[in-house]
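Comments concern the structure below.
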Amino acid sequence: MAVSVTNLIQGPGTLYYAEYPAVEPAEGDVNTTPPTSTWTDVGGTQDGVTLTVEREFAELEVDQIVDIPERRITKRDFQVVTNLAEGTLENFKLVQNGGAITSGSGYRAYDPADDVSSTQPTYSALLFDGFGPNAVRRRFIVRKALSIESVETAYKKDEQTLIPVTFGAHYVSPSTKPFRVIDEA
C-alpha cells in the first residue's frame with residue numbers, strides 16, 4: 001500500500017465545553033468556531049489532547065475448535081485527556097464537575113458542589129476542533145462528559161502549574177451516541 005502523505009495528521013486543536021445537554025453546531029459548520037453563547041474555550045492546553053476509545057470483548061468458545069470463533073463487545077469507554085494550562089476558576093470548576101464561582105469586593109472564589117454520593121453529577125459536553133487528513137478540519141463532539149480522575153495541581157518553582165483532567169463519555173440515548181467525529185468535506 002502506498003503512503004498518502006496528505007492523510008498524515010499533526011498539530012494542536014482547541015477544546016471547548018458547554019453545559020449538558022448542549023446544542024451542537026451544525027455539522028456543515030465544522031470549519032467555524034462554535035457559538036460562544038453555548039461553548040466556552042478552555043484556553044491553552046499542554047501535552048496535547050488525547051482521545052482514547054477503549055473496548056472490551058467477551059470471547060465465545062466451543063469445545064470443537066481451539067481458535068476463538070467470535071467476540072462480542074461488552075464495554076466501550078471513550079476518554080478525553082489533557083492538561084489545562086490556564087488555571088482559571090472556571091477551568092477548576094469544569095474539572096470538579098460543577099460548583100459555584102462567586103465574587104465580591106476585591107475577590108472571586110470557587111466552592112465545590114454540595115455533593116452526596118446518591119445525587120446525579122453535573123455533566124458537561126465537550127467539543128474538540130483539530131485537523132484530519134488532507135488538512136481539513138475534524139471535530140470531536142462528546143455529548144455527555146464527566147471528569148472522572150483525581151485532579152492534582154502542583155505549584156512548583158521551576159514548572160508551570162497545570163490542571164490535569166480525564167473526561168469520560170457517557171451513554172445518552174439509543175438514538176444519540178455518546179460521541180461523534182465529523183470531518184470537513
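The values are calculated or read from the model by the stated rules, or taken from the named source; none is laboratory data. The structure presented is a predicted model; accordingly, all values stated were derived computationally and were not measured. Here the Cβ is made from the backbone with ideal geometry for all residues, glycine too, and neighbour counts use every protein chain on show.
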Inset, instruction - Would you check which residues across the stretch 162-177 are surrounded by 13 or more Cβ atoms within 10 Å (Cβ to Cβ) and among the β-branched types (Val, Ile, Thr) and list them? - result: Ile163, Val165, Thr166, Val172
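Out of the residues in the stretch 139-160 that are without any contact (Cβ under 8 Å) to a residue 12 or more places away in the chain and small (Gly, Ala, Ser), which is surrounded by the most Cβ atoms within 10 Å (Cβ to Cβ)?
The initial filter retains those residues of the stretch 139-160 that are without any contact (Cβ under 8 Å) to a residue 12 or more places away in the chain, namely 150, 154-159.
After this cut, where a residue has to be small (Gly, Ala, Ser) as well, the list is 150, 154.
Details: Ser150: 7, Ala154: 9.
The selected residue is Ala154.
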Legend entry - Some residue of the stretch 83-94 being among the basic types (Lys, Arg) and under 30 Å from Glu159 (Cα atoms): yes
Legend entry - Among residues of the stretch 86-138, those that are among the aliphatic types (A, V, I, L, M) and either buried (at least 16 other Cβ atoms within 10 Å of the Cβ) or touching a Phe, Trp or Tyr at 6+ places or on another chain (Cβ under 9 Å) (or both), counted: 8
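Across the stretch 37-78, what is the total count of residues that are among the aromatic types (Phe, Trp, Tyr) and more than 30 Å from Leu89 (Cβ to Cβ)? Spell out the reasoning first.
First, the residues of the stretch 37-78 that are among the aromatic types (Phe, Trp, Tyr): 39, 57, 78.
Those still in the list that are more than 30 Å from Leu89 (Cβ to Cβ) too: 57.
Qualifying residue count for the region: 1.
Please find, among Gly98, Gly87, the residue that is under 19 Å from Ala169 (Cβ atoms) and touching a residue at least 24 places away in the same chain (Cβ under 8 Å). So that I can check it myself, show each step before the final result.
Working: Gly87 fails: under 19 Å from Ala169 (Cβ atoms).
Of Gly98, Gly87, the one residue that is under 19 Å from Ala169 (Cβ atoms) and touching a residue at least 24 places away in the same chain (Cβ under 8 Å) is Gly98.
Name the residues in the stretch 30-53 that are in a strand (DSSP E or B) and either modelled with pLDDT under 95 or under 15 Å from Ala145 (Cβ atoms) (or both), would you? Even if it seems obvious, please write down each step before you answer.
We begin by selecting, within the stretch 30-53, every residue in a strand (DSSP E or B); these are 40-41, 45-53.
Within the stretch 30-53, Thr40, Val49, Thr50, Leu51, Thr52, Val53 qualify.
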